[in-house]
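Notes follow the structure.
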Amino acid sequence: MTVAIKKVGVIGSGQMGNGIAHVAALAGFDVVLNDVSADRLKSALATINGNLTRQVAKKTISEDERKKALDRIASAEALDALADCDLVIETAIEKEETKRKIFHEVCAVLKPEAIVATNSSSISITRLAASTDRPEKFIGIHFMNPVPAMELVELIRGIATDDMTFDTAKAFVARLGKQVAVSEDFPAFIVNRILLPMINEAIYTLYEGVGNVEAIDAAMKLGAHHPMGPLELADFIGLDTCLSIMQVLHEGLADSKYRPCPLLVKYVEAGWLGRKTQRGFYDYRGDRPIPTR
């Protein structure tokens with residue numbers, strides 16, 4: 001059995017949030033995109049329009065589909081606007097205390113039957129569910145970045161997640177045209193359990209002087225046919241997010257092999273977080289990216 005999902009709320013209008021709003025609206029859902037800043041919401045809607053326009057140019061969607069998708073997205077600075085949503089997906093920063101605060105506040109305004117989901121890429125779904133008034137209606141729906149282009153979505157049940165919530169989430173993902181991978185509720189789930197330690201090891205390889213930024217990225221692109229080098233990918237993900245996930249793995253699994261590289265910590269402390277701050281393992285402030293080491 002599944003619950004009918006007609007209206008979807010998305011909390012957070014950043015890269016993941018606006019991507020989820022984009023694909024949900026394109027699939028025919030009414031969407032409420034929430035953020036604390038009007039400027040962020042304006043920027044998110046512009047990004048969505050730009051991405052939809054590129055899809056029109058590539059002839060993957062029509063101009064009419066672009067317009068209808070945009071018309072389905074409403075923006076809101078207050079959580080009250082999510083009150084009549086059937087499904088709400090949180091996409092905030094990968095910090096447990098931040099997410100728990102959001103769930104406490106949003107559950108107070110949601111209708112009792114609404115399903116609550118997190119896009120968390122690493123944090124325990126069971127723990128997050130316990131901060132809500134509806135752990136049986138809570139689930140992890142982890143989209144990959146960039147959302148419009150990536151085919152996979154991880155579904156993660158908490159210990160209390162009921163079958164109806166899981167089946168509804170699975171049907172929702174299918175309607176978006178995505179493929180489901182079901183993960184158990186272990187730190188970082190499947191994709192990031194494998195991907196982030198690889199990125200962390202690449203940073204150790206740089207830290208220990210085995211190779212420079214260009215050599216490491218070229219080695220993995222040309223030697224392993226990766227579409228992006230691991231350091232380029234880390235900049236794309238955000239070095240603060242990479243560090244948060246490695247910390248979750250290190251603390252959750254208590255294994256030294258997941259210890260975040262000190263160089264990753266140093267870059268985050270410097271505020272060099274990758275593309276979003278224009279500096280990370282590459283400097284993006286010029287005409288082309290330049291390695292910083």
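Some values worked out for this structure:
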item: Only listed residue being buried (at least 20 other Cβ atoms within 10 Å of the Cβ) and out of contact with any helix residue (DSSP H, G or I) (no Cβ under 8 Å at 6 or more places or on another chain), chosen from Phe189, Phe166, Phe138, Phe103; result: Phe189
item: From Ala92, Ala114, Ala108, Ala78, residue being more than 21 Å from Ala188 (Cβ to Cβ), among the hydrophobic types (A, V, I, L, M, F, W, C) and crowded, with 16+ Cβ neighbours inside 10 Å; result: Ala114
item: Condition met for Ile141 (of a type outside the set (D, E, K, R) and in contact with a Lys or Arg (Cβ under 9 Å, 6 or more places away or on another chain)); result: no
item: Sole exception among (1) surrounded by fewer than 17 Cβ atoms within 10 Å (Cβ to Cβ); (2) touching a residue at least 40 places away in the same chain (Cβ under 8 Å); (3) over 16 Å from Val8 (Cα atoms) for Gln55, by number; result: (1)
item: Residue count for segment 144-191, restricted to those that are outside any strand (DSSP E or B), among the hydrophobic types (A, V, I, L, M, F, W, C) and closer than 18 Å to Ala21 by Cα; result: 10
item: Any hit, segment 274-291, residues being touching a residue at least 24 places away in the same chain (Cβ under 8 Å), within 30 Å of Asp167 (Cα to Cα) and within 21 Å of the chain's Cα centre (by Cα); result: no
item: Residue in segment 28-48 that is farther than 29 Å from Phe166 by Cα, touching a residue at least 60 places away in the same chain (Cβ under 8 Å) and over 17 Å from the mean Cα position of the chain (by Cα) present; result: no
item: Residues within segment 213-227 that are part of a loop (DSSP other than H, G, I, E, B) and in contact with a helix residue (DSSP H, G or I) (Cβ under 7 Å, 6 or more places away or on another chain), tallied; result: 1
item: Residue within segment 247-258 that is touching a strand residue (DSSP E or B) at 6+ places or on another chain (Cβ under 9 Å) and either closer than 24 Å to Lys95 by Cβ or not assigned by TED's automatic domain parsing to the domain that holds Gln278 (or both) present; result: no
item: Elements of type strands (runs of 3 or more DSSP E) in segment 64-131, at least 2 residues being under 20 Å from the mean Cα position of the chain (by Cα) and farther than 22 Å from Leu152 by Cα; result: 73-76
item: Tally, over segment 237-293, of residues that are of a type in the set (S, T, N, Q), surrounded by 14 or more Cβ atoms within 10 Å (Cβ to Cβ) and not in a loop (DSSP other than H, G, I, E, B); result: 4
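Listed here are the residues, each with its yes/no results for (1) small (Gly, Ala, Ser); (2) over 30 Å from Leu263 (Cα atoms); (3) without any contact (Cβ under 8 Å) to a residue 12 or more places away in the chain.
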site: Ile159; (1), (2), (3): no, yes, no
site: Ala169; (1), (2), (3): yes, yes, no
site: Arg175; (1), (2), (3): no, yes, no
site: Gln179; (1), (2), (3): no, yes, no
site: Met198; (1), (2), (3): no, no, no
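The values are calculated or read from the model by the stated rules, or taken from the named source; none is laboratory data. For clarity, every value in this text was computed on a predicted model and none was experimentally measured. So basically every Cβ, Gly included, is an ideal-geometry build from the backbone, and we count neighbours across all protein chains shown.
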